[in-house]
Amino acid sequence: MLLEVKDLRVEFPTRRGVLTALNGVSFSIAPGEVLGVVGESGAGKSMTGAAIIGLLEPPGRIAGGEIRLEGRRIDNLPLAEMRKIRGKRIGAIFQDPLTTLNPLYTVGRQLVETMQAHLPLSDAEARQRAIGWLEQVGIPAAAQRIDAYPHQFSGGMRQRVVIALALCAEPQLVVADEPTTALDVSIQAQIIALLKRLAREQRTAIMLVTHDMGVIAETADRVAVMYAGRIIEIGPVRDVVRHAQHPYTAGLMASIPPLDRKVERLAQIDGSMPRLNAIPPGCPFSPRCPHVFERCRVARPELMPAGATDAACWLHDQPGASA
Amino acid sequence: MNRVARFLDSDLWWSFRTSPVAVASALVALVCILGAVLAPWLAPHNVLDLASVDLMDAFKPPFTEAGWTLGSDDQGRDVLSAIMFGGRTSLLVGICAVLFSTVVGVTLGLTAGYLGGTVDALLMRMADVQLTFPAFLVALLVDGIARAALPQEVHERIALGVVVFAIGISTWPQIARTVRGSTLVERNKEYVLAARVIGLGNLRIMATHVLPNVLGPVLVIATLNLGLAIITEATLSFLGVGVPPTQPSLGTLIRIGNDFLMSGEWWIAIFPGIALVAMVLSVNLLGDWLRDALNPRLR
Amino acid sequence: MVAFVISRLLQALPVLLVVALISFALFTFVGDPVAAMLSQDASLADRENLIRLLGLDQPWYVQFWKFVGNAVQGEFGLSYRLSRPVSALIAERAPATLELAFCAAAMTLCIGVPLGIFTGIYKDSWVSRLLLTVSLVGVSLPIFVLGMLLILVFAVHLGWLPSFGRGETVQLGWWSSGLLTVSGLKALILPAITLAVFQLTLITRLVRAEMLEVLRTDYIKFARARGLSNRSINFGHALKNTLVPVITIAGLQLGGIIAFAIVTETVFQWPGMGFLFIQSVGAADIPVMAAYLLLISLVFVVINLGVDLLYYLVDPRLRAQR
């Protein structure tokens, strides 16, 4: 396994007590694999990504569990060590390309400094490679545009630059946090296709955080569904989309309009996700769950094999049962 | 929950209680305010009553005689009493100036932000022009011009008002800009649009919907401006162009004491100076705390 | 670039015109210049003669035009108080103020900006906390109180430094400099510190706030995610972005130094323009007030122009618009 996250717990101390933002999050990513992470806003998907690259916003902190990259723990590394991993081993793509590039440096300079921070390259070599990267991500006239400033690019072009920056030191894993959310719908597909193609060419694994099931269905090999700071279902993308085992996932899938047939009315899940300071005991989804029974309200289910996926749901604790 | 209980449970109160600096500076500010407001009743001597001042009492050193704790000045006035009465004037001018600039700033900022267009452009251009000059210089110039332009007897009668006006007018652009910025944000929010759709008048919408949302930043600026206003008043009075001598402020006292610094009667200037710094510092610390408390993001 | 400068100059013109109008109004409507210039026993004919001579019988806009024309040539008439040409008075006093302001500004920028950057980057260290608390005392300390304290300690008690005046000066053409003699330099120390401390503490706090603001941005977070070194992030990416607002702040500070020079000069009886101005306000000496007003506006306009130019050099987004 390339990345292994085991029992990750992230806490935010506040004046009214400690909030647990992530609780018992475990998953792994194989080399070259695309793992989609979905969930409502506040479910903890972006925070999982931030924890992996070691950039949790203070006062948030990792309070338990471990993160391993190729078997080596990286969640407790000293700052200088972690810096060598960021960019070099794990790249990152942020949501809003308008704010992720330094407005006062040319894109070429930002590419060059990133590569030179991690690879032994001369200035001329780095510049040559920077032009190559801009070409790879589909920036026309890259040799001239390399000396342009970020504000001279459109939003979609800037996200291409961000992708080049994330990949230019050839990391094994890229954490992409909502990479298309801030973009025009017409550009989203291009960016996703680009990301997918480059990942395949470079053999880079991607952790793709998004709330857009469509993007996941099209891109990911496997998908993890998050709810209230936990992973409640994880499995191959086809199985999760077609045969969801957790009632929440099933509800999520039913709320996506199908393309191949007409429906009278889209399904919806009643209620809303609990706030972090008011997560019910037992299964966090139990107050909204259509299949809730006594056990759900008192005991918390862990991920357990359910059909072709793993789901954190007591319905699957009975032999031969399914949701 | 009633209002008191809700306040005691609020984040603001909590952050106040847990900040020793905020509590200490609030106490100092309270002492200053009480000493100033209650000066006529608390002060050992009434320094404003010329009949009670005796030249025989002049130049008493501090801590030597009961009833003259901080010594006396060249005229035989008790320094402690003079500080209390002087603080009264300083505080009065400071608070009035801040109220004035806040009312002007909020009104113009709301108007500019809400109406937009030419009004906005005109008001903000005015603010820009004034911001070219430091606030202190504006206050000094307005005060100086009023001094030169008004006939002497008129000026003497309204001198305090002139100082309040000069200081107040020197800080309006900053408040107006902040309020305008917040107003622009609020104006396009849905509840304001909704209020418009159901036909509420502009004035009503501004007063009931937009105003409450811009009060936080205004409160912070106003608090910090109070410290600035007190300093500005003291500086003007020190320069001899501030409040009239008949109503001495802390700055006036320091101006008087400055003449005796070289001859060894340091207490006449230094004690009012300490009082002034204590007052301003406590106000500034409170303002600083308030800004952090209202903007937890900034910590 | 040239177009940029010209457009900024054109924007500054209205400011100068407004100030000129205020100065002119002071001249025309405040006090009685004729009475001020005539002797007690002058006849009515003398008076009317003088009015015609001064052009006071002409419409106001003609007078204003003449006023502006004179002002451009540095001609402001005679000081009521000192009966000497205002331009000569100002030329005499300007070097003292400029030398004081320059030293204070150098101290402010060379100490205040690095302190602000330091306390912004290491915002949680105890040194930063201490510096911030001390800086709040600095902001709360009125300039004249500080000046007095310094005089009390270093002039009265220790007797190390003079408490007033400029010391010996050396004449370099029309410029009288105190920077070249020991007594001149000694006399400069206390006023320069007095003038610098308030601005220095203020600029430290403002630069720190800007630095914190920049360090919170997405592009800094992204720079960290790219694995850049702390040094390159703090002193490259963050500092350069902080520079843009800091230039404005520094411009304002320079203005503040010139304004507060008035106070410092009064405390230390420093023979500069500010001291002259305060004495003129006390004596309602309109010509000097008007001249000072115009001159200082010109200085502020120049400072603002400089700020705009620096902006233009630092921020590529501005350059691109042109």
Checking B:VAL98 against (1) open to solvent by 60 Å² or more (accessible area, probe 1.4 Å); (2) closer than 24 Å to B:PHE238 by Cβ, the condition it does not meet: (1)
Any hit, the stretch C:305-312, residues being touching a residue at least 24 places away in the same chain (Cβ under 8 Å), open to solvent by 30 Å² or more (accessible area, probe 1.4 Å), farther than 15 Å from C:ALA12 by Cβ and at the interface with chain B (Cβ under 9 Å from one of its Cβ atoms): no
The stretch B:139-167 - residue that is within 24 Å of C:ILE249 (Cβ to Cβ) and more than 9 Å from every other protein chain (Cβ to nearest Cβ) and, of those, surrounded by the most Cβ atoms within 10 Å (Cβ to Cβ): B:ILE167
Meets criteria (over 25 Å from C:LEU206 (Cβ atoms) and at pLDDT 85 or above) for C:GLY236: no
Per-region count, the stretch C:236-257, residues within 8 Å of another protein chain (Cβ to nearest Cβ) and closer than 22 Å to C:ALA192 by Cα: 3
Residue list for the stretch A:135-157, restricted to those being open to solvent by less than 40 Å² (accessible area, probe 1.4 Å) and more than 11 Å from chain C (Cβ to nearest Cβ): A:VAL137, A:GLY138, A:ILE139, A:ALA142, A:ILE146, A:PHE153, A:GLY155, A:GLY156
The stretch B:12-25, residues that are in a helix (DSSP H, G or I) and either loosely packed, with under 13 Cβ neighbours inside 10 Å or of a type in the set (A, V, I, L, M, F, W, C) (or both): B:LEU12, B:TRP13, B:TRP14, B:PHE16, B:ARG17, B:PRO20, B:VAL21, B:ALA22, B:VAL23, B:ALA24
Of the criteria (1) open to solvent by 20 Å² or more (accessible area, probe 1.4 Å); (2) within 10 Å of chain B (Cβ to nearest Cβ); (3) small (Gly, Ala, Ser), which one C:SER163 fails: (1)
Checklist (1) on the phi < 0 side of the Ramachandran plot; (2) at the interface with chain C (Cβ under 10 Å from one of its Cβ atoms); (3) touching a residue at least 12 places away in the same chain (Cβ under 8 Å) applied to A:GLY87, failing item: (1)
C:LEU228 assigned to a loop (DSSP other than H, G, I, E, B) and within 14 Å of chain A (Cβ to nearest Cβ): yes
Every residue from the stretch A:1-19 that is touching an Asp or Glu at 6+ places or on another chain (Cβ under 9 Å) and among the charged types (D, E, K, R): A:GLU4, A:LYS6, A:ASP7, A:ARG15
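Each row is one residue, and each column tells you yes or no for (1) at pLDDT 85 or above; (2) surrounded by 20 or more Cβ atoms within 10 Å (Cβ to Cβ); (3) touching a Lys or Arg at 6+ places or on another chain (Cβ under 9 Å); (4) among the aromatic types (Phe, Trp, Tyr).
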site	(1), (2), (3), (4)
B:ASP259	no, no, no, no
B:SER263	no, no, no, no
B:PHE271	no, yes, no, yes
B:LEU276	yes, yes, no, no
B:PRO296	no, no, no, no
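Let's see how each residue does on (1) of a type outside the set (Gly, Ala, Ser); (2) in contact (Cβ under 8 Å) with a residue 40 or more places away in the chain; (3) under 26 Å from C:SER280 (Cβ atoms):
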| position | (1), (2), (3) |
| --- | --- |
| B:VAL197 | yes, no, no |
| B:PRO217 | yes, yes, no |
| B:ASN225 | yes, yes, no |
| B:THR235 | yes, yes, yes |
| B:SER249 | no, yes, yes |
Sole residue being within 26 Å of B:VAL280 (Cα to Cα), within 25 Å of the chain's Cα centre (by Cα) and assigned to a helix (DSSP H, G or I), chosen from C:ILE90, C:ILE151: C:ILE151
Residue within the stretch A:118-126 that is at the interface with another protein chain (Cβ under 9 Å from one of its Cβ atoms) and at pLDDT 90 or above present: yes
Residue in the stretch B:111-124 that is within 13 Å of chain C (Cβ to nearest Cβ) and more than 17 Å from the chain's Cα centre (by Cα) present: yes
Flag for A:ALA176 being part of a helix (DSSP H, G or I) and under 24 Å from the mean Cα position of the chain (by Cα): no
Filter result (closer than 19 Å to B:LEU219 by Cα and either modelled with pLDDT of 80 or more or of a type outside the set (Gly, Ala, Ser) (or both)) within the stretch B:3-16: B:PHE7, B:ASP11, B:LEU12, B:TRP13, B:TRP14, B:PHE16
Some residue of the stretch C:284-299 being under 30 Å from B:PRO245 (Cβ atoms), touching a Lys or Arg at 6+ places or on another chain (Cβ under 6 Å) and more than 14 Å from chain A (Cβ to nearest Cβ): yes
Condition check for A:ALA51: in contact with a Gly (Cβ under 7 Å, 6 or more places away or on another chain) and away from chain C (no Cβ under 11 Å): no
Leading residue by the ranking (farthest from A:MET115 (Cα to Cα)) among those in the stretch C:215-225 that are out of contact with any Pro (no Cβ under 8 Å at 6 or more places or on another chain) and assigned to a helix (DSSP H, G or I): C:LEU215
Checking C:ILE233 against (1) open to solvent by less than 10 Å² (accessible area, probe 1.4 Å); (2) away from chain A (no Cβ under 13 Å), the condition it does not meet: (2)
Counted residues, the stretch A:275-314 - those being within 17 Å of A:ALA228 (Cβ to Cβ) and not β-branched (Val, Ile, Thr): 25
Number of positions in the stretch C:166-214 that are assigned to a helix (DSSP H, G or I) and under 22 Å from the mean Cα position of the chain (by Cα): 23
Residue under evaluation C:SER125, criteria (1) within 14 Å of chain B (Cβ to nearest Cβ); (2) more than 20 Å from C:GLU99 (Cβ to Cβ), criterion not met: (1)
Qualifying residues in the stretch B:226-264 (those that are assigned to a loop (DSSP other than H, G, I, E, B) and facing chain C (nearest Cβ under 7 Å)) - the one nearest to C:LEU149 (Cα to Cα): B:LEU261
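Yes/no matrix, rows are residues, columns are (1) of a type outside the set (S, T, N, Q); (2) under 30 Å from C:LEU202 (Cα atoms); (3) in contact (Cβ under 8 Å) with a residue 60 or more places away in the chain:
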| position | (1), (2), (3) |
| --- | --- |
| C:ALA42 | yes, no, no |
| C:GLN58 | no, no, no |
| C:PHE67 | yes, no, no |
| C:GLN73 | no, no, no |
| C:LEU89 | yes, no, yes |
| C:ALA104 | yes, yes, yes |
| C:THR119 | no, yes, yes |
| C:LEU131 | yes, yes, yes |
| C:VAL145 | yes, yes, no |
Any chance C:VAL299 is open to solvent by less than 30 Å² (accessible area, probe 1.4 Å) and of a type in the set (Val, Ile, Thr): no
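The values are calculated or read from the model by the stated rules, or taken from the named source; none is laboratory data. Computed from a predicted model, the values in this text were never measured in an experiment. Cβ coordinates were reconstructed from backbone atoms using ideal geometry, including for glycine residues, and neighbour counts include every protein chain displayed. Ligands, DNA and RNA are excluded from the accessible area calculation, which covers all protein heavy atoms including side chains. Shrake-Rupley method; radii C 1.70, N 1.55, O 1.52, S 1.80 Å.
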